[in-house]
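For reference, the structure is listed below as structure tokens.
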Amino acid sequence: MTSTTVIDKSAPTRAVKLRSMSRDRTWALRWSYFFLTLFAIFALIPPLYMLITSLKTSAEISAATNPWWVYHPTLSNYVELLTSNQFLTFFRNSALVSIFVVTITMLISVPAAFALARMRFWGSATLATGVFLTYLIPETLLFLPLFKMFVVFGDLTGIQLINKWYVLLIVYPTLTVPFCTWIMIGYFASIPKELDEAAIIDGASWFQTLTRIFIPVALPGLIAATIFAFTVSWAQFLYPLVFTTSTDQLVLPVGIITTLIKGDVFAWGQIMTGALLGAAPPLIIYAFLMDYYIAGLTAGATKG
Amino acid sequence: MADVTLRKVVKRYDEVEAVRGIDLDIADHEFVVLVGPSGCGKSTTLRMIAGLEDITDGDIMIGGDVVNDVPPKDRDIAMVFQNYALYPHMTVAENMSFGLRLKRYPKAEIKTRVDEAARMLDIVELVDRKPKQLSGGQRQRVAMGRAIVRNPKVFLFDEPLSNLDAKLRVQMRIEIKKVHQKVRTTTVYVTHDQVEAMTLADRVVVMNNGRIEQIGTPNELYHNPATRFVAGFIGSPAMNFMACRLEDVGGKLHIRLTDRIVFPLPPARADRYKNVSRTDKLQLGLRPEHITEASPHAEPGVENFDAVLDVIEPMGMETMIYFIMEGVEICGRVNPNADARAGAPMRLAIDLNNMHLLNEATGAVI
């Protein structure tokens, strides 16, 4: 009898514990969904509004109707933009700049990160911190001195870089290289030391260790860095606004603003359409590489 | 195939001297194990042989050539790491052939070598897998395979079995020994596990504090340790050490352990220790197997005494007993059928024919 009593006592305690744990979990999930939904609404309303606006005519945009509804949907904004040479030029300039910048950034920051993470040389640790500090200097501080430098360079050599789209290939890497180098240092540092030692004993040179071991192993990190570099150069606004002025040299963000706003007349429908179309390439890239990107952001946090 | 020679090799990191001038001659085909506690400089020594660490002073020779400034890839060595260090993005076959591919060996030759090594290590069916699909033991085999296919002058092993569980470790130990018996490549093996050292080595190098304490065959180290460190490090359970003094009683040399326990030394030992100062502080070193249950038949050099047992550990084929003598815990090894009970007194015998006498101040075995 006594033993039965003991069992009776212990059983409900255990059940209560289990139930309270699952209740905790349920509440945690409810709160998560609540805040996630709130955040999703907050983040998705602006693009939705852009989409709605892009499907309206100028007349409907300025009419005092419900702004959240399209009464006479039209694709005229899309057709106009996609058939205008100007917009396609902006798009081409943006694509060229982004592709080149990503390539330049990777060619510089991957070897730099490898050297800083692995080849212990005098001052390498200080240099690594220095690289990161460079990234912390805002572009709003840098554009004037940079502009002055290009002017002086032009005066001295006769090579005019201002108002050429390719000047951005020199300017953007000042933003992308430090950050990508920093990401890659962290990523390379998480690769066990024995792996490069094994490669070196196997007869690999430093360069072969980088290309045949480190780059394949750190591929998720590399993709994360690539996406970052692409996003930065695709969305950059201040530098192209400062360094390029002719319509045929403009990139997309600046092009849309400077050509579709005429004085105080805003071609809202086309602005929204342009912005949406401009957001498409990064979105497509994100969608394809999302898994890698997340792996790239989280890996390196734990060793394994 | 080559011999390896270290001459007065020193490694200094800023203020710390990790390796303090060691001399070591490793013969061709020999299997030498460097063993010692962590931080004794054994891994540093191995890494200096590999060329992964610069040497501060001295010379390292492989096959008669000084390799001090030769990069690792030109030393013709292969190394197996503790965490295997397999290339995660390559298959087993690619891992094993990486070194050969870098050296641009013909494809047919690479395939032959990989197949041969895979057969030797019993991993033929794994060659197309990636490392993450392998168990710890299999990864270790691949790491060994990567070393074997290179057919180097010297194999270097850096604690290769530390990450495996106890059972697998024993199995892989036998595997490593088999491989060495087949390929006969000169091998330097680092471990902190004295059992591994004893079972694998042709010769064991015991290191402590950046110095070599003793070099010898496993049996030499076990039966004739040169220092207290070696005596205590080699053997499990460890050797017992008891404070003692030498005394002359009735013209014969005796050893005094406590106020009450005095034993006459057997003639061979008495002769060996006759010149030791009677006032020196000494230590008696005795392995657990030389403290056993008393036998009814008196044997020369075996003396009986009584002790109250503290703890007993039945192991099946033997029973370990522990008792306290002069505040020191002593371990003995008795027959499992002997009447050993914790808390009860037991008549024990110590075999002084196998005793070691150590100078307490210097730690040297006399």
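The values are calculated or read from the model by the stated rules, or taken from the named source; none is laboratory data. Predicted model only: the values in this text are computed from it and were never measured. Quick reminder, even Gly has a Cβ in these numbers, built from the backbone with ideal geometry, and neighbours come from all protein chains shown.
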request  = Would you point out the residue of segment A:161-179, among those that are in a loop (DSSP other than H, G, I, E, B) and within 12 Å of A:Val97 (Cβ to Cβ), that is farthest from the other protein chains (Cβ to nearest Cβ)?
outcome  = A:Lys164
message = Which condition from (1) closer than 30 Å to B:Phe229 by Cβ; (2) surrounded by fewer than 23 Cβ atoms within 10 Å (Cβ to Cβ); (3) away from every other protein chain (no Cβ under 14 Å); (4) among the hydroxyl-bearing types (Ser, Thr, Tyr) is the one that B:Ser135 breaks?
response = (1)
query = Which one of these is farther than 23 Å from B:Gly51 by Cβ and at pLDDT below 90: A:Thr134, A:Thr157?
reply = A:Thr134
message = I'm trying to understand the selection: among the residues of segment B:259-280, which are touching a strand residue (DSSP E or B) at 6+ places or on another chain (Cβ under 7 Å) and surrounded by 12 or more Cβ atoms within 10 Å (Cβ to Cβ)?
response = B:Ile261, B:Val262, B:Phe263, B:Pro264, B:Leu265, B:Ala270, B:Tyr273, B:Val276, B:Asp280
inquiry  = If B:Met48 satisfies all but one of (1) at pLDDT 90 or above; (2) under 21 Å from the mean Cα position of the chain (by Cα); (3) surrounded by fewer than 22 Cβ atoms within 10 Å (Cβ to Cβ), what's the number of the condition it fails?
reply    = (3)
request  = Could you list, in sequence order, all residues of segment B:219-267 that are within 17 Å of B:Ala361 (Cβ to Cβ) and either touching a Cys at 6+ places or on another chain (Cβ under 9 Å) or of a type in the set (Gly, Ala, Ser) (or both)?
outcome  = B:Ala226, B:Ala231, B:Gly232, B:Ala243
query = Within segment A:184-209, can you find the residues that are aromatic (Phe, Trp, Tyr) and farther than 26 Å from B:Pro152 by Cα?
reply = A:Tyr187, A:Phe188
ask   = Taking segment A:263-289 as the region of interest, how many residues are of a type in the set (Ser, Thr, Tyr) and crowded, with 17+ Cβ neighbours inside 10 Å?
value = 1
Count - residues of segment B:58-89 that are assigned to a loop (DSSP other than H, G, I, E, B), facing chain A (nearest Cβ under 7 Å) and without any contact (Cβ under 8 Å) to a residue 60 or more places away in the chain = 4
ask   = Quick one: would you say A:Pro138 is buried (at least 16 other Cβ atoms within 10 Å of the Cβ), closer than 25 Å to A:Val251 by Cβ, assigned by TED's automatic domain parsing to the domain that holds A:Gly255 and of a type outside the set (D, E, K, R)?
value = no
query = In segment B:164-199, what count of residues is obtained for those that are surrounded by fewer than 16 Cβ atoms within 10 Å (Cβ to Cβ) and of a type in the set (S, T, N, Q)?
reply = 3
request  = Could you list, in sequence order, all residues of segment B:25-57 that are part of a loop (DSSP other than H, G, I, E, B) and either away from every other protein chain (no Cβ under 14 Å) or closer than 14 Å to B:Thr191 by Cβ (or both)?
outcome  = B:Ala27, B:Asp28, B:His29, B:Glu30, B:Gly36, B:Pro37, B:Ser38, B:Gly39, B:Cys40, B:Gly41, B:Ile55, B:Thr56
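Yes/no per residue for (1) within 20 Å of A:Trp268 (Cα to Cα); (2) at pLDDT 90 or above; (3) part of a helix (DSSP H, G or I):
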{"residue": "A:Ile7", "(1), (2), (3)": "no, no, yes"}
{"residue": "A:Thr13", "(1), (2), (3)": "no, no, yes"}
{"residue": "A:Val16", "(1), (2), (3)": "no, no, yes"}
{"residue": "A:Arg19", "(1), (2), (3)": "no, no, yes"}
{"residue": "A:Asp24", "(1), (2), (3)": "no, no, yes"}
{"residue": "A:Trp31", "(1), (2), (3)": "no, yes, yes"}
{"residue": "A:Ala40", "(1), (2), (3)": "no, yes, yes"}
{"residue": "A:Ala43", "(1), (2), (3)": "no, yes, yes"}
{"residue": "A:Tyr49", "(1), (2), (3)": "yes, yes, yes"}
query = Can you tell me how many residues in segment A:69-86 are among the hydroxyl-bearing types (Ser, Thr, Tyr), loosely packed, with under 14 Cβ neighbours inside 10 Å and in a helix (DSSP H, G or I)?
reply = 1
remark   = Pairs returned, first residue in segment A:194-205 that is more than 7 Å from every other protein chain (Cβ to nearest Cβ) and closer than 15 Å to A:Arg120 by Cβ, second residue that is assigned to a loop (DSSP other than H, G, I, E, B) and of a type in the set (Val, Ile, Thr), beta-carbon separation under 7 angstrom, 6 or more apart or interchain, are none
ask   = Is at least one residue of segment A:180-190 within 14 Å of chain B (Cβ to nearest Cβ), part of a loop (DSSP other than H, G, I, E, B) and at pLDDT 90 or above?
value = no
request  = Please find, among A:Ala224, A:Ala199, A:Ala218, the residue that is modelled with pLDDT of 90 or more, crowded, with 22+ Cβ neighbours inside 10 Å and either of a type in the set (D, E, K, R) or assigned by TED's automatic domain parsing to the domain that holds A:Val131 (or both).
outcome  = A:Ala199
Count of segment B:281-297 residues which are surrounded by 11 or more Cβ atoms within 10 Å (Cβ to Cβ) and in a loop (DSSP other than H, G, I, E, B) = 4
key: Residue match in segment A:102-119 (condition: within 14 Å of another protein chain (Cβ to nearest Cβ), touching a residue at least 40 places away in the same chain (Cβ under 8 Å) and surrounded by 17 or more Cβ atoms within 10 Å (Cβ to Cβ))   = yes
task = Enumerate the pairs (first residue in segment A:152-164 and assigned by TED's automatic domain parsing to the domain that holds A:Asp248; second residue anywhere and of a type in the set (S, T, N, Q)) with beta-carbon separation below 7 Å, excluding pairs fewer than 6 apart on the same chain, so at least 6 apart or on different chains.
result = A:Gly154/A:Gln160; A:Asn163/A:Thr244; A:Asn163/A:Thr245; A:Asn163/A:Ser246; A:Asn163/A:Gln249; A:Lys164/A:Gln249
task = Return the residue satisfying two criteria in turn: it lies in segment B:226-258 and is in a loop (DSSP other than H, G, I, E, B) and of a type in the set (A, V, I, L, M, F, W, C), and of such residues it is modelled with the lowest pLDDT.
result = B:Leu257
key: Qualifying residues in segment A:210-257 (those that are free of Cβ contacts under 8 Å to residues at least 40 places away in the same chain, under 28 Å from B:Arg150 (Cα atoms) and part of a helix (DSSP H, G or I)) - the one farthest from the other protein chains (Cβ to nearest Cβ)   = A:Thr211
query = Of the residues B:Met242, B:Met207, which single one is buried (at least 20 other Cβ atoms within 10 Å of the Cβ) and hydrophobic (A, V, I, L, M, F, W, C)?
reply = B:Met207
message = Condition first: away from every other protein chain (no Cβ under 14 Å), buried (at least 22 other Cβ atoms within 10 Å of the Cβ) and not in a loop (DSSP other than H, G, I, E, B). Can you find one or more residues in segment A:141-160 that meet it?
response = no
query = Among the residues of segment B:64-104, which ones are among the aliphatic types (A, V, I, L, M) and within 15 Å of A:Ser205 (Cα to Cα)?
reply = B:Val70, B:Leu100, B:Leu102
message = Being of a type in the set (S, T, N, Q), within 14 Å of another protein chain (Cβ to nearest Cβ) and touching a residue at least 12 places away in the same chain (Cβ under 8 Å) is true for just one of B:Gln140, B:Gln171. Which residue is that?
response = B:Gln140
